[in-house]
1. Regarding Asp13, is this residue over 30 Å from Thr157 (Cβ atoms) and modelled with pLDDT of 90 or more?
2. Just to be sure I understand, how many residues within the stretch 63-78 are of a type in the set (Phe, Trp, Tyr) and touching a residue at least 24 places away in the same chain (Cβ under 8 Å)?
3. Here is a list: Arg145, Arg183, Arg127. Which entry is among the basic types (Lys, Arg), within 30 Å of Ala74 (Cβ to Cβ) and surrounded by fewer than 16 Cβ atoms within 10 Å (Cβ to Cβ)?
4. Test of understanding: among Leu111, Leu135, which residue is among the aliphatic types (A, V, I, L, M) and more than 22 Å from the chain's Cα centre (by Cα)?
5. Restricting attention to the stretch 139-182, which residues are within 13 Å of the chain's Cα centre (by Cα) and of a type in the set (Ser, Thr, Tyr)?
6. Can you tell me how many residues within the stretch 39-75 are in a helix (DSSP H, G or I) and more than 15 Å from Leu176 (Cβ to Cβ)?
7. Restricting to the stretch 169-227, name every residue that is closer than 15 Å to Ala21 by Cβ and outside any helix (DSSP H, G or I).
8. So, Leu88, is that one more than 30 Å from Ala121 (Cβ to Cβ), modelled with pLDDT under 90 and assigned to a helix (DSSP H, G or I) or not?
Amino acid sequence: MECRMGFFAILSDSETLDPLALSARVLLVSGFMQLFLSVPLACWLARSRGVLKNVVDTAVTFPLVFPPIATGFALLLLLGRQGPFASLLGERIIFSFPGLVIAAFIAGLPLAIKPVQTALASAEATRLSEVAAVLGKSETTILIRVLIPYVKGSIVTGMLLAMGRSLGEVGITLMLGGNVIGRTNTLSLEIYNAVFNGEFERAVVLSLIIGSASVAMFIALKKISNT
């Protein structure tokens, strides 16, 4: 009974709820941005050729293979006070909510794009596009009424993967957000804070929250793959 009381006390504490609410806000904003950009960019990458396509494709994939802490440092150099964008963006982004959103957005974007890009580059998608073109449909009509409905499962899969990656993001978030208690300490960073402070019970509760969200996403992915 004491363990259960302890669990619910920790769960309802502001030190748990505030990072949870912050992470939810970050996921909402970054998820909308990922959805808005990932679909058109995946379409362009799947249908384009040449050097520019390879450059953009490499840039999109880069956060998947480059260490997150190093990616965050590179962004800090670009967006920080001494960076090339400091006069326009730096003071508003570093150690603030926009910095958290950018970190989550960049971390999850490759996973939002790649499943859609792969589906659009498939032989079946190409065949459907060619058939629609033979029937006199415009490029816009083919995209909206043929290709996007065909890859809707991949869009949902990509978004779930991106949200899962964004929720667990630490390295880029630490560099851009700074882990400022009460302002930029997301759920993932708060697990680190709890362990660092010796609050292992709270770290367990926070980990269970993220674990539950991850399991829910995994179940959703399984259902999508079986349809």
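The values are calculated or read from the model by the stated rules, or taken from the named source; none is laboratory data. This one's a predicted model, so the numbers in the text were calculated from it and none came from an experiment. Neighbour counts are summed over all protein chains in view; Cβ atoms, including those assigned to glycine, are modelled from backbone coordinates with ideal geometry.
1. Considered against the rule, which asks whether it is over 30 Å from Thr157 (Cβ atoms) and modelled with pLDDT of 90 or more, Asp13 comes out as no.
2. Step one: list which residues in the stretch 63-78 are of a type in the set (Phe, Trp, Tyr), which gives 66, 73.
If we keep only those that are touching a residue at least 24 places away in the same chain (Cβ under 8 Å) as well, we get 73.
Here the count works out to 1.
3. On the way: Arg145 fails: within 30 Å of Ala74 (Cβ to Cβ); Arg127 fails: within 30 Å of Ala74 (Cβ to Cβ).
One residue alone meets the criteria, Arg183.
4. Details: Leu111 fails: more than 22 Å from the chain's Cα centre (by Cα).
That would be Leu135, the only listed residue that is among the aliphatic types (A, V, I, L, M) and more than 22 Å from the chain's Cα centre (by Cα).
5. Matches in the stretch 139-182: Thr157, Ser166, Thr173.
6. Taking the stretch 39-75 and keeping what is in a helix (DSSP H, G or I), we get 39-47, 51-65, 68-75.
So of that shortlist, the ones also more than 15 Å from Leu176 (Cβ to Cβ) come out as 39-47, 51-62, 64-65.
Going through the stretch 39-75 one residue at a time, the tally reaches 23.
7. Ile181, Gly182, Arg183, Thr184, Asn185, Thr186 - these are the residues of the stretch 169-227 that are closer than 15 Å to Ala21 by Cβ and outside any helix (DSSP H, G or I).
8. Details: more than 30 Å from Ala121 (Cβ to Cβ): yes; modelled with pLDDT under 90: yes; assigned to a helix (DSSP H, G or I): yes.
In short, yes.
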